[in-house]
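Notes follow the structure.
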Amino acid sequence: ELGPFDLIEAAPSNPYGHFESIPFHSLNRRVQEWALGFADDVPDDDAVLARLLETQGAWPAGKAIPEEWLDEAERVTRVLIDSGRISGFKDPRTVLCWPFWKQVFARIEGVEIVPASLLRSPHEIAMSLCTRSKGNMPYWKALDVVGVHLARMKDVAEEQGGASHVVRFG
(Lines give C-alpha, C1' and ligand atoms only; values in the text may rest on other atoms or scores of the structure.)
Protein backbone atom coordinates (compact mmCIF):
# COMPACT_ATOMS: atom_id res chain seq x y z
CA GLU A 1 0.00 0.00 0.00
CA LEU A 2 1.37 3.41 -0.97
CA GLY A 3 -1.15 5.19 1.21
CA PRO A 4 -4.07 7.47 0.47
CA PHE A 5 -1.78 10.08 -1.05
CA ASP A 6 -1.63 11.53 -4.54
CA LEU A 7 1.29 10.11 -6.50
CA ILE A 8 3.58 11.86 -8.95
CA GLU A 9 2.15 11.09 -12.34
CA ALA A 10 3.66 10.60 -15.76
CA ALA A 11 6.00 13.28 -17.06
CA PRO A 12 8.37 13.62 -20.02
CA SER A 13 11.11 12.19 -17.78
CA ASN A 14 8.98 9.08 -17.13
CA PRO A 15 5.95 8.55 -19.39
CA TYR A 16 4.73 5.63 -17.22
CA GLY A 17 4.69 7.67 -14.00
CA HIS A 18 7.08 8.07 -11.11
CA PHE A 19 4.66 6.84 -8.42
CA GLU A 20 6.34 8.72 -5.60
CA SER A 21 3.95 9.76 -2.86
CA ILE A 22 3.70 13.54 -2.94
CA PRO A 23 3.95 14.12 0.85
CA PHE A 24 7.08 11.95 1.15
CA HIS A 25 8.60 13.41 -2.01
CA SER A 26 7.97 16.95 -0.77
CA LEU A 27 9.54 16.22 2.61
CA ASN A 28 12.57 14.58 1.03
CA ARG A 29 13.12 17.57 -1.26
CA ARG A 30 13.02 20.00 1.67
CA VAL A 31 15.27 17.87 3.86
CA GLN A 32 17.76 17.18 1.06
CA GLU A 33 17.99 20.87 0.19
CA TRP A 34 18.47 21.79 3.85
CA ALA A 35 21.09 19.07 4.47
CA LEU A 36 22.93 18.87 1.15
CA GLY A 37 22.13 22.13 -0.63
CA PHE A 38 19.94 20.90 -3.50
CA ALA A 39 16.38 19.61 -3.84
CA ASP A 40 16.38 18.14 -7.34
CA ASP A 41 17.95 14.94 -8.65
CA VAL A 42 21.38 16.54 -8.99
CA PRO A 43 22.84 19.87 -7.90
CA ASP A 44 22.81 22.54 -10.59
CA ASP A 45 25.53 24.47 -8.74
CA ASP A 46 29.10 23.26 -9.38
CA ALA A 47 30.22 23.97 -5.80
CA VAL A 48 27.29 22.00 -4.34
CA LEU A 49 27.98 19.13 -6.75
CA ALA A 50 31.67 19.14 -5.80
CA ARG A 51 30.76 19.03 -2.09
CA LEU A 52 28.29 16.16 -2.67
CA LEU A 53 30.94 14.15 -4.49
CA GLU A 54 33.70 15.00 -2.01
CA THR A 55 31.61 14.05 1.04
CA GLN A 56 29.86 11.17 -0.75
CA GLY A 57 26.54 12.60 0.44
CA ALA A 58 27.48 12.46 4.12
CA TRP A 59 24.97 14.03 6.46
CA PRO A 60 26.11 17.39 7.84
CA ALA A 61 27.36 17.17 11.41
CA GLY A 62 25.80 19.31 14.08
CA LYS A 63 22.68 20.41 12.19
CA ALA A 64 19.48 19.90 14.14
CA ILE A 65 16.56 18.85 11.97
CA PRO A 66 13.61 21.23 12.33
CA GLU A 67 11.15 19.66 14.77
CA GLU A 68 8.14 20.61 12.62
CA TRP A 69 9.54 18.50 9.76
CA LEU A 70 9.93 15.50 12.08
CA ASP A 71 6.35 16.03 13.28
CA GLU A 72 5.07 16.28 9.71
CA ALA A 73 6.97 13.16 8.66
CA GLU A 74 5.66 11.23 11.65
CA ARG A 75 2.08 12.27 10.80
CA VAL A 76 2.26 11.17 7.15
CA THR A 77 4.10 7.97 8.11
CA ARG A 78 1.35 7.09 10.57
CA VAL A 79 -1.29 7.71 7.87
CA LEU A 80 0.71 5.44 5.55
CA ILE A 81 1.00 2.72 8.21
CA ASP A 82 -2.74 2.87 8.90
CA SER A 83 -3.50 2.45 5.17
CA GLY A 84 -2.47 -1.18 4.93
CA ARG A 85 -0.88 -4.14 6.68
CA ILE A 86 2.18 -3.75 4.46
CA SER A 87 2.85 -0.23 3.28
CA GLY A 88 5.72 1.85 2.02
CA PHE A 89 6.98 4.73 -0.03
CA LYS A 90 9.71 5.24 -2.59
CA ASP A 91 11.74 8.25 -3.52
CA PRO A 92 15.36 8.25 -4.70
CA ARG A 93 16.13 11.06 -2.24
CA THR A 94 15.28 8.87 0.77
CA VAL A 95 18.73 7.31 0.78
CA LEU A 96 20.35 10.75 1.01
CA CYS A 97 17.84 11.74 3.72
CA TRP A 98 18.13 8.50 5.69
CA PRO A 99 19.36 10.16 8.94
CA PHE A 100 16.14 12.19 8.92
CA TRP A 101 13.94 9.13 8.36
CA LYS A 102 15.76 7.17 11.08
CA GLN A 103 14.72 9.87 13.56
CA VAL A 104 11.13 9.75 12.29
CA PHE A 105 10.93 5.96 12.47
CA ALA A 106 12.41 5.96 15.99
CA ARG A 107 9.28 7.84 17.12
CA ILE A 108 6.95 5.07 15.92
CA GLU A 109 6.76 1.95 18.07
CA GLY A 110 5.50 -1.46 17.07
CA VAL A 111 6.27 -1.17 13.37
CA GLU A 112 8.92 -3.07 11.47
CA ILE A 113 10.84 -0.77 9.12
CA VAL A 114 12.35 -2.65 6.19
CA PRO A 115 14.43 -0.57 3.79
CA ALA A 116 14.43 -2.11 0.33
CA SER A 117 17.04 -1.20 -2.26
CA LEU A 118 15.66 -0.73 -5.76
CA LEU A 119 18.57 -1.27 -8.11
CA ARG A 120 18.71 -0.24 -11.71
CA SER A 121 21.66 -0.06 -14.09
CA PRO A 122 23.95 2.85 -13.09
CA HIS A 123 24.34 3.61 -16.80
CA GLU A 124 20.54 3.88 -17.26
CA ILE A 125 20.24 6.19 -14.24
CA ALA A 126 23.14 8.38 -15.41
CA MET A 127 21.62 8.64 -18.89
CA SER A 128 18.27 9.59 -17.35
CA LEU A 129 19.95 12.31 -15.26
CA CYS A 130 21.72 13.65 -18.35
CA THR A 131 18.46 13.72 -20.31
CA ARG A 132 16.47 15.37 -17.52
CA SER A 133 19.17 18.04 -17.08
CA LYS A 134 18.69 18.95 -20.77
CA GLY A 135 22.39 18.46 -21.42
CA ASN A 136 23.64 20.43 -18.41
CA MET A 137 24.84 17.32 -16.57
CA PRO A 138 27.74 15.56 -18.29
CA TYR A 139 27.53 11.76 -18.28
CA TRP A 140 30.57 11.17 -16.05
CA LYS A 141 29.34 13.60 -13.39
CA ALA A 142 25.91 11.98 -13.51
CA LEU A 143 27.57 8.60 -13.02
CA ASP A 144 29.47 10.02 -10.04
CA VAL A 145 26.15 11.14 -8.50
CA VAL A 146 24.76 7.63 -9.06
CA GLY A 147 27.84 6.32 -7.24
CA VAL A 148 27.02 8.53 -4.24
CA HIS A 149 23.48 7.12 -4.13
CA LEU A 150 24.77 3.56 -4.37
CA ALA A 151 27.29 4.18 -1.57
CA ARG A 152 24.54 5.60 0.66
CA MET A 153 22.30 2.60 -0.21
CA LYS A 154 25.10 0.26 0.80
CA ASP A 155 25.54 2.10 4.11
CA VAL A 156 21.82 1.87 4.90
CA ALA A 157 21.75 -1.83 3.99
CA GLU A 158 24.78 -2.58 6.16
CA GLU A 159 23.29 -0.59 9.03
CA GLN A 160 20.15 -2.72 8.73
CA GLY A 161 22.13 -5.97 8.77
CA GLY A 162 22.81 -6.48 5.07
CA ALA A 163 21.20 -6.07 1.69
CA SER A 164 18.56 -8.75 2.08
CA HIS A 165 15.79 -6.71 0.44
CA VAL A 166 16.96 -5.84 -3.04
CA VAL A 167 14.82 -5.42 -6.14
CA ARG A 168 16.69 -5.29 -9.44
CA PHE A 169 14.99 -3.99 -12.54
CA GLY A 170 15.67 -2.43 -15.91
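Per-residue extension of 0.36 nm, minus the Cα-Cα distance of K154 and E33, leaves a gain of 41.4 nm for this segment.
Charging the Cβ of each Asp and Glu at -1 and of each Lys and Arg at +1, and nothing else, the dipole of the chain about its Cα centre rounds to 360 debye. When +1 charges are put on Lys and Arg Cβ atoms and -1 charges on Asp and Glu Cβ atoms, the dipole computed for segment 10-64 relative to its Cα centre reaches about 280 debye.
Rolling a 1.4 Å probe over the protein heavy atoms gives the chain an accessible area of 59 Å² per residue. With the simple spin-label model, which puts each label point 7 Å out from Cα in the Cβ direction, the T131 to A10 separation comes to 1.4 nm. Restricting the GluC sites (Glu not before Pro) of segment 47-96 to loop positions (DSSP other than H, G, I, E, B) with no more than 16 neighbouring Cβ atoms within 10 Å leaves nothing. For the pair R107 and I86, a Förster radius of 22 Å applied to the C-beta separation gives a FRET efficiency near 0.65, rounded to the nearest 0.05. Listed by chain and number, the aspartates and glutamates whose C-alpha is less than 16 Å from the C-alpha of K141, apart from same-chain residues fewer than 8 away, are D40, D41, D44, D45, D46, E54, E124. The residue list L119, G135, G161 was ranked by how far each Cα lies along the charge dipole of segment 80-170 toward its positive end, using unit charges on Cβ atoms, and G135 comes out on top. Computed over the alpha-carbon atoms, the chain gives an Rg to Rh ratio of 0.94, Rh here being the Kirkwood radius from the mean inverse distance.
Here the Karplus curve 6.51 cos²θ - 1.76 cosθ + 1.60, taken at θ = phi - 60°, turns the phi angles of segment 108-120 into couplings of 10, 8, x, 10, 8, 9, 10, x, 10, 8, 9, 9, 9 Hz, with x standing for Gly and Pro. Working note: Karplus 6.51/-1.76/1.60 with θ = phi - 60° gives segment 32-47 the couplings 4, 5, 5, 7, 10, x, 8, 9, 7, 4, 9, x, 9, 9, 4, 5 Hz, where Gly and Pro are set to x.
Within the accessible area of segment 23-168, the carbon and sulfur atoms contribute 53%, probe 1.4 Å, all protein chains present.
Charge dipole (Cα centre; +1 on Lys/Arg Cβ, -1 on Asp/Glu Cβ; no other charges) of segment 93-138 amounts to roughly 240 debye.
The values are calculated or read from the model by the stated rules, or taken from the named source; none is laboratory data. What you see is a predicted model; the values in this text were computed from it and never measured. Heads up, the Cβs are rebuilt from the backbone with ideal geometry, glycines too, and the neighbour counts pull from every protein chain shown. Heads up: the accessible areas ignore ligands, DNA and RNA and are worked out on the full protein's heavy atoms, side chains in. Shrake-Rupley method; radii C 1.70, N 1.55, O 1.52, S 1.80 Å.
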